[in-house]
């Protein structure tokens, strides 16, 4: 079981993207976290060929219980995640099958944390606090545990399920 923390907003200025990359690269190295610098242009295939989306920033993985924390921004400076999804294969004239095309998606950023890892959840929230103070003042966070809003660590405690005897 895991919980997902969604976060979105716009960086104060485009120079801040390079700053966040450098700062979080150093933080990741000192903390022993994996990281990946992101500077990529995505191109749509098929009927909408020619559409290009860009993504710049950094992805940081705190540990094996969390998905990457993405401080990646689109061309307008909004926190974003861009990915390709395989479309369905098409049958063309003569019964031939054309390979599936890739469909480009852009969505807001999110990170998942296993419910049993309260320490990682607290670290994630501290990092988001810092990003809000320094880079993305309008950062909005949706944390389905309620920890972002309450800072009550009790909400991060694993829930015990008990069987009821009949």
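The values are calculated or read from the model by the stated rules, or taken from the named source; none is laboratory data. In this text the structure is predicted, and so the values were computed from the model without any measurement. Heads up, the Cβs are rebuilt from the backbone with ideal geometry, glycines too, and the neighbour counts pull from every protein chain shown.
Mind checking whether some residue in the range 8-29 is in contact with a helix residue (DSSP H, G or I) (Cβ under 7 Å, 6 or more places away or on another chain) and either assigned to a loop (DSSP other than H, G, I, E, B) or modelled with pLDDT of 95 or more (or both)?
Filtering the range 8-29 for residues in contact with a helix residue (DSSP H, G or I) (Cβ under 7 Å, 6 or more places away or on another chain) gives 11.
Retained after the next criterion (residues that are either assigned to a loop (DSSP other than H, G, I, E, B) or modelled with pLDDT of 95 or more (or both)): 11.
Yes, the conditions are met somewhere in the range 8-29.
Return only the number of the condition from (1) modelled with pLDDT of 90 or more; (2) under 13 Å from the mean Cα position of the chain (by Cα); (3) under 19 Å from residue 37 (Cα atoms) that residue 106 does not satisfy.
Against the list (1) modelled with pLDDT of 90 or more; (2) under 13 Å from the mean Cα position of the chain (by Cα); (3) under 19 Å from residue 37 (Cα atoms), residue 106 comes up short only on (1).
For every residue, the table says whether it meets (1) touching a strand residue (DSSP E or B) at 6+ places or on another chain (Cβ under 7 Å); (2) surrounded by fewer than 13 Cβ atoms within 10 Å (Cβ to Cβ); (3) at pLDDT 95 or above.
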site	(1), (2), (3)
115	yes, no, no
123	no, no, yes
129	no, no, yes
132	no, no, yes
139	yes, no, yes
159	no, yes, no
164	no, yes, no
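Identify, by number, the condition in (1) surrounded by fewer than 16 Cβ atoms within 10 Å (Cβ to Cβ); (2) modelled with pLDDT under 95 that residue 73 doesn't meet.
(1)
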